[in-house]
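These notes concern the structure reproduced below.
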Amino acid sequence: MPGYKGHITGSVVAGALVLVGLVQIGLYVIDPEQVVSLFVICVLGALFPDIDTDSKGKRIFYSAMLIMSLSLIYLEKFKWAAYLGVLAMLPGVSAHRGWTHTWWAMLLVPMPMLILPYYIYGQPFPLLLPYYVAFVVGYFSHLMLDGEF
């Protein structure tokens, strides 16, 4: 099983393959700022399954969560900071290689990225879908590299 570096590399490769494929078939037009965000989310998706252990990946993941939470608080988006905090705590209530290493968690964990903005702010799903897909692709790369499929 790869460590955090292997999972980061795997997520970047998987994300790049999906991005190139979507561009080739005309489903995505490259926006450089969004691409950076999508790759960060893809990497976070790849690190998420192992944040229930004491690891470098866990420290990277939670450092990113802290930066995002502080940014949301600074921007006075307290609801979003609270949602992010609750979601970040979920893996702490399970054993390693428990629910975080399942195909259904890969699909359900990032679901709040679609549901919350839609119901709270009325954001349309097509605007939110790239972020959901990026997290799922990263998560998938982690499970694939761990031999879960």
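Read-outs: derived from the displayed coordinates by stated rules, not from any lab. Being a predicted model, the structure only gives us computed values, none of them experimental. Note that we place each Cβ from the backbone using ideal geometry, even for glycine, and neighbour counts take in every protein chain shown.
In the set 133, 93, which member is out of contact with any Leu (no Cβ under 6 Å at 6 or more places or on another chain), β-branched (Val, Ile, Thr) and over 19 Å from residue 41 (Cα atoms)?
Numbers: 133 fails: over 19 Å from residue 41 (Cα atoms).
Going through 133, 93 in turn, the sole match is 93.
Being free of Cβ contacts under 8 Å to residues at least 24 places away in the same chain and under 13 Å from the mean Cα position of the chain (by Cα) narrows it down to one residue among 65, 106, 89; which is it?
Every option except 65 fails the conditions.
Tell me yes or no: at least one residue of segment 42-53 is more than 14 Å from the chain's Cα centre (by Cα) and of a type in the set (A, V, I, L, M, F, W, C).
Looking through segment 42-53, none of the residues is more than 14 Å from the chain's Cα centre (by Cα) and of a type in the set (A, V, I, L, M, F, W, C).
Any chance you could count how many residues in segment 113-132 are surrounded by fewer than 15 Cβ atoms within 10 Å (Cβ to Cβ) and touching a residue at least 24 places away in the same chain (Cβ under 8 Å)?
Selection size over segment 113-132: 1.
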